[in-house]
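The values are calculated or read from the model by the stated rules, or taken from the named source; none is laboratory data. All of these numbers come straight from a predicted model, not from anything done at the bench. Don't worry about glycine lacking a Cβ; one is built from the backbone with ideal geometry, like all the others, and counts go over all protein chains shown. Only protein heavy atoms, including side chains, enter the accessible area calculation; ligands, DNA and RNA are left aside. Shrake-Rupley method; radii C 1.70, N 1.55, O 1.52, S 1.80 Å.
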Amino acid sequence: MTPSISAADLRLPPGPVDLASLPTNNTPGFAGDKAEGESRLAALESDLSDLQERLWAESKMGEGHRRVLLVLQGMDTSGKGGTLRHTVGLVDPQGLRITSFKAPTEEELSHDFLWRIEKALPEPGYIGVFDRSHYEDVLIVRVRELASAEEIERRYGAINEFEKRVVDEGTTIIKCMLHLSEREQHERLLARLDNPEKHWKFNPGDIDERALWPRYTEAYEIALERTNTDVAPWHVIPADRKWYRNLAVGSLLHEALTGLDPQWPVADFDVAEQKARLLNEKSQG
């Protein structure tokens, strides 16, 4: 099944970025309602599973070096976890590698910021997912002034060089900024407090971070502009509607895998001969 949402509907155009001008609750590329959106996403499962298995098989036979990396960035409550459950959750977990980057450890801080990212890259045949990513090192680091302006400036260039090399080595990168409104985040945090089953997801520090919303917005705008390249473009996903967010990311993943068009490896043995051996074994038994 071919979804109606395409990368072109969501791709961030080059140039300066003004997030305030990008709606958070529209549904680019899709005219249906929530029920239809959820149905469309469910219908992608068969295709996604087949494409991922072919990508996996291609690499296991030593004929393929390709892999996919899905990068999810967004404000707290934008739905990175929900996106994982509802989109990449449609494929075989054996072919997935999900990495959630937290505050760097002492060992990680002793290396360049991309050191831990390099270690987490997916191997051939895998779909890798970064729940937060190397972009934290130019987002929260900028907002919290955890590095000098010169170092942060260096990192934009380092990210572009890193991503180009990774793409040249066979990785398809899908970068998604889950674009949430400040009002919607407020409602989602309240919903967590109103539901005892969601209290574990709430951090009082989330309210403190809300006071920094303008600074985070500026940091995102700069990062998006500086790292929106032809080889690894950004896609801005309206995230106020959870069902649309899930369908959009699922559609991007489907489009990327379809574009790779992985093929079942050709047998390196005589199929007819092996079938005859089995049939002969049965007749002798």
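Here is how the numbers come out for the structure above:
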item: Hits among lysines - C-alpha to C-alpha of residue 119 under 19 Å, sequence gap 8 or more where chains match; result: 102, 164, 175
item: Using a Förster distance of 30 Å, the FRET efficiency for residue 190-residue 43 (Cβ separation, nearest 0.05); result: 0.35
item: Gyration tensor (alpha-carbon) shape descriptor, the chain, a/c threshold 1.5; result: prolate
item: Separation of alpha-carbon centers, the range 82-109 and the range 1-76, rounded to whole Å; result: 16
item: Among 152, 207, 117: highest mean-square fluctuation, GNM of the chain, C-alpha pairs under 10 Å; result: 207
item: Whether the range 1-65 is rounded, prolate or oblate, judged on the alpha carbon gyration tensor where a/c under 1.5 counts as rounded; result: oblate
item: Choice from 253, 55, 193 with maximal GNM fluctuation in the chain (Cα, 10 Å cutoff); result: 193
item: Average accessible surface area per residue within the chain, 1.4 Å rolling probe, Å²; result: 52
